[in-house]
1. Give me the one-decimal nm value for the distance between modelled label points at Arg419 and His356, 7 Å along each residue's Cα-to-Cβ direction.
2. With point charges of +1 on the Cβ of Lys and Arg and -1 on the Cβ of Asp and Glu, referenced to the Cα centre of the chain, which listed residue (Asn328, Pro88, Leu19) lies farthest in the positive direction of the dipole?
3. Report the convex hull volume per residue for region 276-322, counting only C-alpha atoms, in Å³.
4. Mean-square fluctuation check for the chain, GNM, Cα pairs under 10 Å: which of Lys393, Lys218, Lys316 is largest?
5. Answer rounded, prolate or oblate for region 163-231, using the Cα gyration tensor with square roots of eigenvalues a ≥ b ≥ c: rounded when a/c is under 1.5, else prolate when a/b is larger than b/c, else oblate.
6. When 1/r is averaged over all different Cα pairs and the result inverted, which Kirkwood radius in Å belongs to the chain?
7. Quote the convex hull volume per residue of region 309-362, based on C-alpha atoms, as a whole number of Å³.
8. Relative to the compact-globule scaling 2.2 N^0.38 Å, provide the ratio for the alpha-carbon radius of gyration of region 382-433.
Amino acid sequence: MIPTSGSYRLANVRLHRSLTLGLAAAFDPDGFALVDITIANGKIADLAAHDRAVAPADAIDLSGRIVLPCFVDCHTHIDKGHIWPRKPNPDGTFMGALNAAGADRAARWSAEDVARRMDFSLRSAYAHGTKALRTHLDSVPPQEEISWPVFETMRETWRGRIDLQAACLLGIEGVRDKVWFERLAKRVAAAKGVLGVVTYMVPDLEELLDRVFAQAIKHGLDLDFHADETEDIAAISLKKIAEASLWNGFDGNILVGHCCSLSRQPDLEVLDTLDKVAKAGLAVVSLPMCNLYLQDRRNDGTTPRWRGVTLLHEMKARGIKVAVASDNTRDPFYAYGDLDMLEVHRMATRILHFDHPVGDWPRAVAATPAEVMRLEGVGTLAAGGSADFIVFKGRSWTELLSRPESNRIVVREGMAIERKLPDYAELDELMVE
Ligand SMILES: [Zn+2]
């Protein structure tokens, strides 16, 4: 249906206000406008309000189908992905996940093992319509020596299809080894990566955060934290990160993931934290599927009572940048998932109520994570921009978010790609004991 080359016009498509720049058109209450898109040389040559009268005879009429820009997935773990068959989570808890993933890493994560699973993950993400992706890389010694070179090769291999970024991942206790941590920060900088740690409420948290910020400032790195992935209301490291950013005068980008405990805390505590997060300019990413899976996991025969996600509505109302992302895929932290950002959008809409009104929530899967990752011209559709978008069957939010849209058309640089999900059997030989 979409030509494989040349210039063409897609007529009568639905674009959303929150993901379209510079379009003079009438938007309906759901935020959609009917638009004609002219494609030439891999770019969007023109976006104009749909006008049947001026459409050329060979225009492709899409009858009001929704077109979204390609997705941006800003928090994933493609180094861990797909190890579930050989290393399941014994009880579905966070601690069960941490222990299982750690044991698998120590025993099995050779360069070849990591590379093959990463490539599998990226092929899935690409087929689903993702254009840019940030992964965390477990960087506990000696894994950093193995995974970072694999990542650098993978980024080259995938250049032009998926823009790849990586952040190192280690518990904040690892920062106590000053010499090693400085070496890691240097390695991350050499790979043009992002400096990341998992914060816990350790007694020396403030001092350790200062060291993290000092290294980020020294090497000009952005920061990416895993924070407060727990129901424990005493976990306030999101606030500690905001305070550390303010007193260190940090002016890079900071993305903080999870922040689950915030939604359990008393209102005054929450307000104080949100003030500081807004003032420090932090961005927050919620991982709704993984949080739903791990948080409030009970092994006493009782049913979970809360959703595990953080306070995205309150954050967005204060101007804090908010995103949602995939997080883990088929590993001990999450038994499911396929790096499909439409699934993330669909699940986030249900779990976090991205609806009634939808408003500008669709930015959370495209435009906002692109800003956080400093990707220009990604996550929005605009005249002059790349023709990288996804054509869905759905013509409304309820149609779009009710079915898997397995037959969506992914267009990259104006051409429909071959969407081929890798076969799980490819990984079988990596899964044997
Ligand atoms: Zn994560």
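1. 2.9 nm
2. Highest projection toward the positive end goes to Leu19.
3. 79 Å³
4. Its mean-square fluctuation being the largest, the pick is Lys218.
5. Oblate, because a/c is 1.5 or more while a/b does not exceed b/c.
6. 22.3 Å
7. 82 Å³
8. Output field value: 1.65.
The values are calculated or read from the model by the stated rules, or taken from the named source; none is laboratory data. Small disclaimer: the values here were computed from a predicted structure and weren't measured. Cβ sites come from the backbone with ideal geometry, for glycine too, and all protein chains shown count toward neighbours. With ligands, DNA and RNA removed, areas are computed over all heavy atoms of the protein, side chains included. Shrake-Rupley method; radii C 1.70, N 1.55, O 1.52, S 1.80 Å.
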